[in-house]
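Written out below as structure tokens is the structure these notes cover.
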Amino acid sequence: MAANISIDYITHTFRGQAAPTLKEIELNIAPGQKIALIGRSGCGKSTLLHMIAGLLMPSEGCVRIHGHQVAKPSAKWNMMFQKPSLYPWMNVRQNAELGLILAGARDPEKINRLLDLVGLGDKAEASVQSLSGGQQQRVALARSLATSPEVLLLDEPFSALDAFTRASLQDEVTRIAERENLTLVLVTHDIDEAVAMADRVLIMSANPGRIVGEMAVDLPYPRDRSAAAYTRTRHALMTRFESLVGGHETATDAPTESHQERESAKAA
């Protein structure tokens, strides 16, 4: 069952810093909704995602999922990172079922179904080192889905992939989120990715990180990137971003790790 997420007045200041990284973040995400957080590097969007995942506790405020305060990670809210972080000595099946093994709930039939779902049914026994980057992220996706999560959190997991593979996985993940009834929260620098995957795009500014605007994306899935409506929506989002944040954000902006994001990873 997809989860409701409530972010209740989060403010966060990292140790050793005078100014907060995040300030007064208030947000409600309905069950099954697909949310994209966009903003420049250092605005705190990955920090906020880590808080939703239970990897980092805020200085003030809290995150609630299904009305319960998030105090630690859970298999019910899984995160995919920029790197798939697979174990090279395990094959595809073993990597995909790792979460179930750790939970003492092996389910070979479920893993077979998930590998078919992500297009790797014929690669179950293959070494993960023999896979392309896109295929490795599909293994990571299957692993994330194996524990039947209610929330899927995406921290720019497609940023290192080529444009064609990236677009394919964007469509695949949104399709799976619809089919499996998941709430999805995506962090991205990529305006196109936000339009391709989200029902609702939230714009964050920096110093301190705040949600300064949002825009609904009312387009059917899978999103047709060549359609006039898609182009209009992308332009509208770019214009709104520039009016609220300033400058020019493009799909080719390389993600960089801010001081806050490094500290967040250490705390996790």
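The values are calculated or read from the model by the stated rules, or taken from the named source; none is laboratory data. Just so you know, these numbers come straight off a predicted model, no measurement behind them. So basically every Cβ, Gly included, is an ideal-geometry build from the backbone, and we count neighbours across all protein chains shown.
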Can you tell me which of (1) crowded, with 19+ Cβ neighbours inside 10 Å; (2) out of contact with any strand residue (DSSP E or B) (no Cβ under 6 Å at 6 or more places or on another chain) is the one residue 66 doesn't meet? (1)
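For region 209-268, enumerate the residues that are part of a loop (DSSP other than H, G, I, E, B), acidic (Asp, Glu) and at pLDDT below 90. Spell out the reasoning first.
Initially, region 209-268 is screened for residues part of a loop (DSSP other than H, G, I, E, B), giving 217-227, 246-258, 268.
Adding the requirement that they be acidic (Asp, Glu) leaves 218, 224, 249, 253, 257.
Passing the criteria: 249, 253, 257.
Assess whether residue 149 counts as being in contact with a Phe, Trp or Tyr (Cβ under 8 Å, 6 or more places away or on another chain) and part of a loop (DSSP other than H, G, I, E, B). Write out each step before concluding.
Details: in contact with a Phe, Trp or Tyr (Cβ under 8 Å, 6 or more places away or on another chain): yes; part of a loop (DSSP other than H, G, I, E, B): yes.
Yes; evaluated as a whole, the condition is true for this residue.
Rundown of residues vs (1) under 17 Å from residue 2 (Cα atoms); (2) at pLDDT 95 or above; (3) surrounded by fewer than 24 Cβ atoms within 10 Å (Cβ to Cβ), yes/no style:
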position: 139; (1), (2), (3): no, yes, no
position: 147; (1), (2), (3): yes, no, yes
position: 158; (1), (2), (3): no, no, no
position: 162; (1), (2), (3): no, no, yes
position: 168; (1), (2), (3): no, no, yes
position: 178; (1), (2), (3): yes, no, yes
position: 186; (1), (2), (3): yes, yes, no
Out of 118, 128, 92, 63, which single residue is assigned by TED's automatic domain parsing to the domain that holds residue 20, hydrophobic (A, V, I, L, M, F, W, C) and in contact (Cβ under 8 Å) with a residue 40 or more places away in the chain? 63
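Which residues, counting only those in region 38-55, are assigned to a loop (DSSP other than H, G, I, E, B) and in contact (Cβ under 8 Å) with a residue 40 or more places away in the chain? Steps first, answer last, please.
First, pick out the residues of region 38-55 that are assigned to a loop (DSSP other than H, G, I, E, B): 39-44, 54-55.
Result: 39, 40, 41, 42, 43, 44, 55.
Go through region 56-109 and report how many residues are part of a loop (DSSP other than H, G, I, E, B) and more than 30 Å from residue 129 (Cβ to Cβ). Explain how you work it out, then say what you get.
Let us first name the residues in region 56-109 that are part of a loop (DSSP other than H, G, I, E, B), namely 56-59, 66-67, 70-73, 75-76, 81-90, 97, 103-107.
If we keep only those that are more than 30 Å from residue 129 (Cβ to Cβ) too, we end up with 56-59, 66-67, 70-72, 76.
The number of residues fulfilling the criteria is 10.
What tally of residues in region 146-197 results from selecting those that are hydroxyl-bearing (Ser, Thr, Tyr) and farther than 17 Å from residue 49 by Cα?
Filtering region 146-197 for residues hydroxyl-bearing (Ser, Thr, Tyr) gives 147-148, 159, 165, 168, 174, 183, 188.
When the remaining residues are screened for being farther than 17 Å from residue 49 by Cα, the result is 147-148, 165, 168, 174.
Counting residues in region 146-197 that are hydroxyl-bearing (Ser, Thr, Tyr) and farther than 17 Å from residue 49 by Cα gives 5.
Which of the following residues is part of a loop (DSSP other than H, G, I, E, B) and assigned by TED's automatic domain parsing to the domain that holds residue 53: 158, 164?
Working: 164 fails: part of a loop (DSSP other than H, G, I, E, B).
Answer to the selection: 158.
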Could you tell me how many of the residues in region 21-47 are more than 17 Å from residue 3 (Cα to Cα) and of a type in the set (A, V, I, L, M, F, W, C)? 5
If you go through region 4-36 one residue at a time, how many are crowded, with 21+ Cβ neighbours inside 10 Å, within 15 Å of residue 151 (Cα to Cα) and in contact (Cβ under 8 Å) with a residue 60 or more places away in the chain? 5
Options 104, 119; residue that is surrounded by fewer than 21 Cβ atoms within 10 Å (Cβ to Cβ), touching a Lys or Arg at 6+ places or on another chain (Cβ under 8 Å) and on the phi > 0 side of the Ramachandran plot: 119
Keeping to region 5-58, report how many residues are over 14 Å from the mean Cα position of the chain (by Cα), under 19 Å from residue 80 (Cα atoms) and among the polar types (S, T, N, Q). 1
